[in-house]
2 protein chains.
Amino acid sequence: MSHDLHTEFMALAISLAKQGLGKTQPNPVVGAIAVKDSVVIGSGFHAKAGKDHAEVLALKEAGAGAKGSTLYITLEPCGHVGKTPPCVDLILSSGVTKVVVASSDPNPLVNGKGLAVLRSHGIEVVEDVLRLQAEALNTGFFSRMTKNLPYVRSKIASSIDGRTALANGDSQWITSEASRQDVQQWRARACAILTGVGTIHKDNPRLNVRNLDESDQPFRVIADTHLSIDPEAQILKQKNIILMFCNDPHNKASQLEAQGVRLIPITSKDNRIDLEVLMQQLASLAFNEVLVESGPTLNGQLLELGLVDELIIYQAPIIMGGNANPLFHHPIMTSMEQKIRLKQIDIRQFGEDLRMIMQVIKA
Amino acid sequence: MSHDLHTEFMALAISLAKQGLGKTQPNPVVGAIAVKDSVVIGSGFHAKAGKDHAEVLALKEAGAGAKGSTLYITLEPCGHVGKTPPCVDLILSSGVTKVVVASSDPNPLVNGKGLAVLRSHGIEVVEDVLRLQAEALNTGFFSRMTKNLPYVRSKIASSIDGRTALANGDSQWITSEASRQDVQQWRARACAILTGVGTIHKDNPRLNVRNLDESDQPFRVIADTHLSIDPEAQILKQKNIILMFCNDPHNKASQLEAQGVRLIPITSKDNRIDLEVLMQQLASLAFNEVLVESGPTLNGQLLELGLVDELIIYQAPIIMGGNANPLFHHPIMTSMEQKIRLKQIDIRQFGEDLRMIMQVIKA
C-alpha cells in the first residue's frame, strides 16, 4: 500500500480522535481504523476514560473481517493493563497483519513496548505517519508524561497597543463576539482553567463553558495565596472548583469546603504561591491541558518561570491608551538578549480581531 | 467601450502614476493613457513638480493620432495655470473625444472645473473609474487640500506585548531585517519624517533612505520644544533637516542655522510645542504625506489630538516584559467607550513579523 494511502487513512483516524478532545482526561485522545482491500471495515475513537480504547472499537466493528487487515492507530497501542485489558493482546488475536501508528506513547509504561510485542509476533509495523498532527492532539498528555507538567496555554484579549484592561479594571469588551465564542472551544478542550484571585476580585467571572452540563465543566483552579477570595464569588457557586492556597489567615477554609470547593495547600516561595509546585500539582491531578485566563501578574509570573507553553492572543483593532494594564507585569528585562521568542503557529481573523497562536520558545 | 475595458486601462494609468510616488511633491501623482481602437497610443506619468503633467506626456506621444481617442487620467485634469499651462486646453486642441477619470481634484482651484470645461466642448466624460485606488495614491495631497493637514502615518515596531523599547532604551532589534527594509519604502514615499527630540537623544538615528542621494532625501522634521538637541547629533549632519521649536533657552539657534538646519518657531500649548500648529505648518510647507517615527510620548500626543491618520505596526513575535516602554503614553482613558477604533487595511508577514496597516477611525 502506498504511503499516500497510509496518510489518507491516518488522517481519517486523526479526525476520529479529535471527537474525544476535552473528554478523555486523564487519557490521550486516540482514533483507529481497520482497513482491508482499501475499504474501511471498522473505526472508533476513545470517548472517555474507562470506556473502550479506539482500536478495540475498530476491531469489534471489523469482527472476523479483521483477519488480514491493516490497523491504523493515532497512538501506539498499550501493552499493559490499565482500566481496560491491553490492546496489544486483542490486536494479536484479531489476525491483523499490519499496524500503522502516528505517534509512539510517551507513557513510560507503554513507550515502544506495544510495538515491540507486535513485531515479535510477525506483525508489520509502520511508524510516524502524520506523527506531528497526532502529537498535537495530545500535547498535554505528552507534556505530563515527559515533564510531569501540563501543557499550559494562556489566552489573552489585547488591544493593538498591548493593553488588557483600563487602569480602573474596565475591559468589557476588548474583543469581538466571534473571538469570545472561539474561547469556548479552548475552555471545553482544557482539563482545567487556571486563574488568579485578582481576576476573581476584579471581574467576578464564571469561566465556564456555555451550554455544557455543570458536571462536564472543566475544573476551575484559582491561585489564592492567602485565601482572600470572597465566598460569594460567582465561580464558587459551580461544581469542579479547586482553590490552591498557602495559608488561611481569615479562617475561610472550612466554609469554602462546606460550599463544595476543593482546597489544596501549596508551598509558598517569596511569600506567594509556588507556581512550579502548583503546576506539578495540576499534573498529578492528571490534568493534561491547562488554560490560563488571568491578569498581567499571574501571566507574567508564569511566563518568567517558563511555565507557559503557548499563547493564544486575541488582538482587537483598538487602542486603549497610556495607563491601561499590559499583558504581562513580568519578567523585567535589562537587555534585548533576554527577550522571549515566540513561534507563530496560527494566525486568523475572528470578526475584526486577529487570533494569534504562538508557542513560547524555551531557552 | 465596456466598463471592464475602462477598468483595465485605468489600472494601467494607476500603475504609471505609482512611479511618481515620493517624487512629485507638492503635486499629486498622476498617470495617463491615450487609447484608440483599444490600442494604447500614448502614456505618461507626472515625475516631478515643474515637469510635464501625465496627460501632456500621453498626448505628446499620441501626436496626431490623439484625434478621436479616449484619454484615461487618474486625476481630473487641471484648468488653471500653475507651473505649466492648463491641461484642459491641450486636451481640447488634441481632438480627444472621451475622457475617463478616476478621482476628481480636491484642489479648490480645479475641483470639477476642468471636467465642466471638457463637457461644454462636447467631450464625453466618465468619472469614478477605480476612484478609491486612485485616491489612495494621493491621500496626502487630498488631506492637505481638504483639511490643510498632511496625511500622517505613524510607523511603530512593537513586541507582541505592546512594547517598543526596554526601560533602559534598548530596542535593537525588535523587528526582522525584512521589516526594517520595508520601512525604507515608507520613508521614501513620505515628504517628511517627523520625530521628537527624545528619539534623537535616545537613538541618535539618521532616519534617512538607504541608497538615495542626500538631496533627494525626505525632509526630517524634529519637534524640539526647548531646542535641547545636541548639535553633534548624526541627523544634523545631513541635508533637508527642519527643527520646530518654541524657545531657545540655550541660545543654540544661530549655531544650528550655521550648520544648515532650518529652524521654524511654533507656538507652545501647555508648555510644549503645539502639535496642531506644527502639522498645519507641515501642510503649508506643502508636505503631503508625513511619516512619524518617534517614541510613546510624541506618538501618544499626536494620537490624542486626532493627528494620526494611519498606523503601520511591525509586530515581532517576542515578549519584552513588564517594565518596557509602551506604544503610546497617551491618551489616558477612564471608560472603554473612549477606546480608539482602528480599521485594518492590510496585514502581511515580513520575515517573522506581522505588518499591520490600520486607519484611525476618527470620531
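When B:Ala17 is tested against the conditions (1) in contact with a Pro (Cβ under 9 Å, 6 or more places away or on another chain); (2) in a helix (DSSP H, G or I); (3) surrounded by fewer than 23 Cβ atoms within 10 Å (Cβ to Cβ), the lone failure is (3). The residues in the stretch B:202-228 that are of a type in the set (A, V, I, L, M), part of a loop (DSSP other than H, G, I, E, B) and under 12 Å from B:Ser294 (Cβ atoms) can be counted, and the count is 1.
For the stretch B:333-363, filtering for residues that are in contact with an Asp or Glu (Cβ under 9 Å, 6 or more places away or on another chain), surrounded by 15 or more Cβ atoms within 10 Å (Cβ to Cβ) and not in a strand (DSSP E or B) leaves 3. Give me the residue from the stretch A:257-302 that is within 14 Å of chain B (Cβ to nearest Cβ) and not aliphatic (A, V, I, L, M) and, out of that set, nearest to A:Pro205 (Cα to Cα). Checking each candidate, the answer is A:Gly295. Among all residues of the stretch A:240-249, there is at least one that is touching a residue at least 24 places away in the same chain (Cβ under 8 Å), farther than 30 Å from A:Leu137 by Cβ and in the same structural domain as A:Asp309 (by the TED database). Just one of the numbered conditions (1) surrounded by 17 or more Cβ atoms within 10 Å (Cβ to Cβ); (2) within 28 Å of A:Leu311 (Cα to Cα); (3) more than 20 Å from the chain's Cα centre (by Cα) is not true of B:Ala178: (1). Among the residues of the stretch A:64-77, those identified as loosely packed, with under 15 Cβ neighbours inside 10 Å and assigned to a loop (DSSP other than H, G, I, E, B) are A:Lys67, A:Gly68.
Reported count of residues in the stretch A:162-212, each being of a type in the set (S, T, N, Q) and under 18 Å from B:Arg341 (Cβ atoms), is 6.
B:Ala190 meets the conditions (1) within 14 Å of chain A (Cβ to nearest Cβ); (2) in contact with a strand residue (DSSP E or B) (Cβ under 7 Å, 6 or more places away or on another chain); (3) of a type in the set (Gly, Ala, Ser) in every case but one. The failed one is (1). Note on the stretch A:309-323: among residues that are facing chain B (nearest Cβ under 7 Å) and assigned to a loop (DSSP other than H, G, I, E, B), the one that is surrounded by the most Cβ atoms within 10 Å (Cβ to Cβ) is A:Met320.
Put simply, of B:Asn204, B:Asn211 the only residue that is more than 14 Å from chain A (Cβ to nearest Cβ), surrounded by fewer than 22 Cβ atoms within 10 Å (Cβ to Cβ) and within 30 Å of A:His329 (Cα to Cα) is B:Asn204.
Each row is one residue, and each column tells you yes or no for (1) over 24 Å from the mean Cα position of the chain (by Cα); (2) under 18 Å from B:Gly198 (Cα atoms).
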| position | (1), (2) |
| --- | --- |
| B:Leu278 | no, yes |
| B:Gln281 | no, no |
| B:Phe287 | no, no |
| B:Gly295 | no, yes |
| B:Leu305 | no, no |
| B:Val308 | no, no |
| B:Gly322 | yes, no |
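When B:Leu256 is tested against the conditions (1) surrounded by 15 or more Cβ atoms within 10 Å (Cβ to Cβ); (2) in a loop (DSSP other than H, G, I, E, B), the lone failure is (2). Please verify whether B:Leu227 is at pLDDT 95 or above, of a type in the set (A, V, I, L, M, F, W, C) and farther than 20 Å from B:Ala286 by Cα, treating the condition exactly as stated. For B:Leu227, the condition - at pLDDT 95 or above, of a type in the set (A, V, I, L, M, F, W, C) and farther than 20 Å from B:Ala286 by Cα - is met.
Could you tell me whether the stretch B:44-51 includes any residue that is modelled with pLDDT of 95 or more and of a type in the set (D, E, K, R)? The answer is no, given that none of the residues of the stretch B:44-51 is modelled with pLDDT of 95 or more and of a type in the set (D, E, K, R). Within the stretch A:110-126, track down each residue that is surrounded by 13 or more Cβ atoms within 10 Å (Cβ to Cβ), of a type outside the set (Gly, Ala, Ser) and free of Cβ contacts under 8 Å to residues at least 40 places away in the same chain. Those that are surrounded by 13 or more Cβ atoms within 10 Å (Cβ to Cβ), of a type outside the set (Gly, Ala, Ser) and free of Cβ contacts under 8 Å to residues at least 40 places away in the same chain: A:Val110, A:Asn111, A:Lys113, A:Leu115, A:Val117, A:Ile123, A:Val125. Of note, B:Ile174 satisfies the criterion of being within 14 Å of another protein chain (Cβ to nearest Cβ), in contact (Cβ under 8 Å) with a residue 40 or more places away in the chain and farther than 26 Å from B:Gln281 by Cα. Taking the condition in a strand (DSSP E or B) and buried (at least 19 other Cβ atoms within 10 Å of the Cβ), does B:Leu243 pass? Against the criterion (in a strand (DSSP E or B) and buried (at least 19 other Cβ atoms within 10 Å of the Cβ)), B:Leu243 qualifies. Among the criteria (1) surrounded by 14 or more Cβ atoms within 10 Å (Cβ to Cβ); (2) in contact with a His (Cβ under 8 Å, 6 or more places away or on another chain), the one A:Val290 does not fulfil is (2). For the stretch B:176-215, which positions are under 24 Å from B:Gln315 (Cβ atoms) and of a type in the set (S, T, N, Q)? Matches in the stretch B:176-215: B:Ser176, B:Ser179, B:Gln181, B:Gln184, B:Gln185, B:Thr195, B:Thr199.
When we screen A:Glu55, A:Glu61 for residues that are surrounded by fewer than 20 Cβ atoms within 10 Å (Cβ to Cβ), in contact with a Gly (Cβ under 9 Å, 6 or more places away or on another chain) and not basic (Lys, Arg), the only hit is A:Glu61.
Looking only at the stretch B:152-167, decide whether some residue is more than 11 Å from every other protein chain (Cβ to nearest Cβ), of a type in the set (D, E, K, R) and without any contact (Cβ under 8 Å) to a residue 40 or more places away in the chain. So far as the stretch B:152-167 goes, no, none of its residues is more than 11 Å from every other protein chain (Cβ to nearest Cβ), of a type in the set (D, E, K, R) and without any contact (Cβ under 8 Å) to a residue 40 or more places away in the chain. Candidates A:Arg163, A:Arg119, A:Arg131: the one that is assigned by the TED database to the domain that holds A:Gly306 and of a type in the set (Lys, Arg) is A:Arg163. Taken together, the residues in the stretch A:286-308 that are part of a loop (DSSP other than H, G, I, E, B) and free of Cβ contacts under 8 Å to residues at least 60 places away in the same chain amount to 2. Is there a residue in the stretch A:263-285 that is at pLDDT 95 or above, in a strand (DSSP E or B) and more than 22 Å from A:His226 (Cα to Cα)? Within the stretch A:263-285 (the criterion being at pLDDT 95 or above, in a strand (DSSP E or B) and more than 22 Å from A:His226 (Cα to Cα)), the answer is no, since none of the residues qualifies.
Scanning the stretch A:105-142 for residues that are over 20 Å from A:Ala283 (Cβ atoms) and touching a helix residue (DSSP H, G or I) at 6+ places or on another chain (Cβ under 8 Å) yields A:Gly114, A:Val117, A:Leu118, A:His121, A:Ile123, A:Val125, A:Val126, A:Glu127, A:Val129, A:Leu130, A:Gln133, A:Ala134. Within the stretch A:104-132, being under 21 Å from A:Phe9 (Cα atoms), not β-branched (Val, Ile, Thr) and not in a helix (DSSP H, G or I) holds for A:Ser104, A:Asp105, A:Glu124, A:Glu127, A:Asp128, A:Leu130.
The values are calculated or read from the model by the stated rules, or taken from the named source; none is laboratory data. Nothing here was measured: the structure is a model prediction, and the numbers come from that model. Note that each Cβ is placed from the backbone with ideal geometry, even for glycine, and that neighbours are counted across all protein chains shown.
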